[in-house]
Amino acid sequence: MHVRYTVLPLVSMLFVVAATGCGATVSATPSTIGSTNNSPAGSAQPTVPADFPVMPGAMRADGPSSDRDLIATWTTDADGAQVYEFYVSALPTAGFVIVGLYPGGSAAIIRFRRPDGAVLQLAITAARSGVATEVQLRLDAP
């Protein structure tokens, strides 16, 4: 019986906290980063920087997304290692400073800084089809 009386108030308190929220509200809207898809300035969805290098032969594969950090997606027939090498070379040439390299077997990430200080990342993974490589340009997650 003692456990029952101890647990009941705790469960009730958790229910009240969950129902009312924890009182902290965070509201962040990413800014527009560039403009190759002609989104209006200040839109909720960021855009591809005008000077961003796209791997030759890569096809834009964007579709509707509720992922606010996703800027653009491309697919290519090149394997992941070739895509990774291309961006490690092409980003600095285009004026982006690489701030983190995270190579991997099935996925790799390249974090880089724009000249204006914004940090973005490329996520390089095998496409769902297993035949191609997918490249996602994303806002950097802290």
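The values are calculated or read from the model by the stated rules, or taken from the named source; none is laboratory data. None of these values were measured; they are calculated from a predicted model. Methodologically, a virtual Cβ is constructed for each residue, glycine included, from the backbone with ideal geometry; neighbour enumeration extends over all protein chains shown.
Tabulated results
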read-out	value
Verdict on Tyr87 being within 17 Å of the chain's Cα centre (by Cα), of a type in the set (Phe, Trp, Tyr) and surrounded by fewer than 18 Cβ atoms within 10 Å (Cβ to Cβ)	no
Matching option when the condition is at positive phi and at pLDDT below 50, among Gly21, Gly95	Gly21
Members of the stretch 97-118 found to be among the aromatic types (Phe, Trp, Tyr) and in contact with a helix residue (DSSP H, G or I) (Cβ under 8 Å, 6 or more places away or on another chain), listed by number	Phe112
Count of the stretch 105-138 residues which are in contact with a Phe, Trp or Tyr (Cβ under 9 Å, 6 or more places away or on another chain) and free of Cβ contacts under 8 Å to residues at least 40 places away in the same chain	10
